[in-house]
Amino acid sequence: MSQESRCMLLKNWLSSVLTDTEEQFAIELQPMTGDAGFRQYYRFNFKGQSLVAVDAPPKYSNNEAFVAISQALINEKINVPKIIALDVQQGFLCLTDFGNQLLADILVKTTSAVDVQKVYSQAISLLPAISKANVLKSKVGDLKRGDNQYQLPIYDQGFIELELQIFTQWLLEKHLNIELLDDEKNQLRQCFSFLTVSALSQPKVTMHRDYHSRNIMVLNDKSLGVIDFQDAVIGPITYDIVSLLRDCYTRWPDSIIQPLFKYFCQLMTKQYSLEYIKEQQWQEWFDLMGVQRHLKASGIFCRLYYRDNKGGYLSDIPLTLSYIQDVSAKYPELSFLHHLIKSQVLPAMQTINNKISDS
């Protein structure tokens, strides 16, 4: 079905669920930007209130997860958009509107290191609550039919390895046309194994999985609202803090990041009685989790370009690769990955970028 047809169905659905059958309301949808997936977001006004309509095709969107995780986060006093109406079968939702103020927008305007740390500290303070959100206690349904339970996926070895292959398939092979020799493939697998073992050794919590400054909203009362949480899983305790502090879109110096990471470790140590975990172990988990996430992200940015015709993320790949290059230099087990990024990937990226710029 075309996007135009889906949009018309969405309008008709909104009109039917928000008004009585005797009083049909003309819905005027204004497209919103900012999502890298298959979901389409629209803003509209209804009786003086701004609302958000979501077209989330069931074939590509886990709407049951969105509903269950939303309720689990609400149970932990996390601000998430309220679900006003929902149709799981069609993939339509109507949500309250959090406005336009992203945490990322605040950070762009913040020049003082102290103020940057204050902004991030507020976001970090939400992570203990997010990490213990119990999705099994949340019900899933269309608010009219019988409820079912939804269980979060486990971020296990197979899950991690599948994500790492996105880097190989979409960045190396598809985007850069880099074909590794058998020995090189084996060395890269060893690097991947090192990252996987580290991730699996961490305490497991509920993780948002995309917790960064573009998915955190600043509300009118200056509190924070959390969005884009439907891909949450049970996984490593450092994943969300890596997403936040080693953002694929903005990089801050270690002098700012390290005190914030220490604050996170203190919060999680207190919540889960993790006093036995040494500072060096926390740092290694943080570093290696970041490498894994940035490998995946660089591949996803390419996949968005080739598969989904979304080229806006290609410009974020160099920053993402810079994290991998810098962190891999600190770990002998990642020496091959470091050499691969430095000697093959970055030069090839420069060549490709030049060609795209000239076309």
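The values are calculated or read from the model by the stated rules, or taken from the named source; none is laboratory data. The shown structure was predicted, so the numbers you read here are calculated from the model rather than taken from an experiment. All Cβ positions, glycine included, derive from the backbone under ideal geometry; neighbour counts span all protein chains shown.
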Boolean, TYR313 is of a type in the set (Phe, Trp, Tyr), under 22 Å from the mean Cα position of the chain (by Cα) and part of a loop (DSSP other than H, G, I, E, B): no
Against the definition (closer than 13 Å to ILE241 by Cβ, touching a residue at least 60 places away in the same chain (Cβ under 8 Å), surrounded by fewer than 20 Cβ atoms within 10 Å (Cβ to Cβ) and of a type in the set (Phe, Trp, Tyr)), how does TYR263 come out, yes or no? yes
Could you please find all residues in segment 86-104 being of a type in the set (S, T, N, Q) and either without any contact (Cβ under 8 Å) to a residue 24 or more places away in the chain or within 16 Å of ASN215 (Cβ to Cβ) (or both)? ASN100, GLN101
Is it the case that THR269 is more than 19 Å from ILE106 (Cβ to Cβ), of a type in the set (Val, Ile, Thr) and not in a strand (DSSP E or B)? yes
How many of the residues making up segment 28-60 are surrounded by fewer than 19 Cβ atoms within 10 Å (Cβ to Cβ), on the phi < 0 side of the Ramachandran plot and not in a strand (DSSP E or B)? 12
I need the full set of residues from segment 86-123 which are of a type in the set (Lys, Arg) and modelled with pLDDT of 95 or more, in order please. LYS118
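Residues checked against (1) without any contact (Cβ under 8 Å) to a residue 24 or more places away in the chain; (2) aromatic (Phe, Trp, Tyr):
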| site | (1), (2) |
| --- | --- |
| ARG293 | no, no |
| TYR306 | no, yes |
| GLY312 | yes, no |
| THR320 | no, no |
| GLN325 | yes, no |
| LEU337 | no, no |
| LEU340 | no, no |
| THR351 | yes, no |
Cβ contacts < 9 Å: first residue farther than 12 Å from ALA65 by Cα and modelled with pLDDT of 85 or more, restricted to segment 124-146; second residue polar (S, T, N, Q) and buried (at least 21 other Cβ atoms within 10 Å of the Cβ), any location; separation 6+ or different chain. Result? ILE130/THR206; SER131/THR206; LYS132/THR206; ALA133/THR206; ASN134/THR206
Would you check if there is a residue in segment 273-288 being small (Gly, Ala, Ser) and buried (at least 16 other Cβ atoms within 10 Å of the Cβ)? no
Only residues in segment 62-85 that are without any contact (Cβ under 8 Å) to a residue 12 or more places away in the chain count as the first member; pair them with residues that are surrounded by fewer than 17 Cβ atoms within 10 Å (Cβ to Cβ), Cβ under 9 angstrom, at least 6 apart or cross-chain, and list the lot. ILE74/LYS82
Within 23 Å of ASP308 (Cα to Cα) and within 19 Å of the chain's Cα centre (by Cα): which single residue out of SER125, SER61, SER121, SER70 fits that description? SER61
Being more than 14 Å from ASP210 (Cα to Cα) and outside any helix (DSSP H, G or I) is the filter here; which residues of segment 228-260 pass it? THR250, ARG251, TRP252, PRO253
Residues to consider are LEU219, LEU180; find the one that is loosely packed, with under 14 Cβ neighbours inside 10 Å and farther than 26 Å from GLY312 by Cα. LEU219
Consider segment 88-107. How many of its residues are assigned to a strand (DSSP E or B) and farther than 17 Å from PHE44 by Cβ? 1
Please go through segment 248-276 and give me each residue that is over 17 Å from VAL114 (Cβ atoms), among the aromatic types (Phe, Trp, Tyr) and over 21 Å from the mean Cα position of the chain (by Cα), ordered by number. TYR272, TYR276
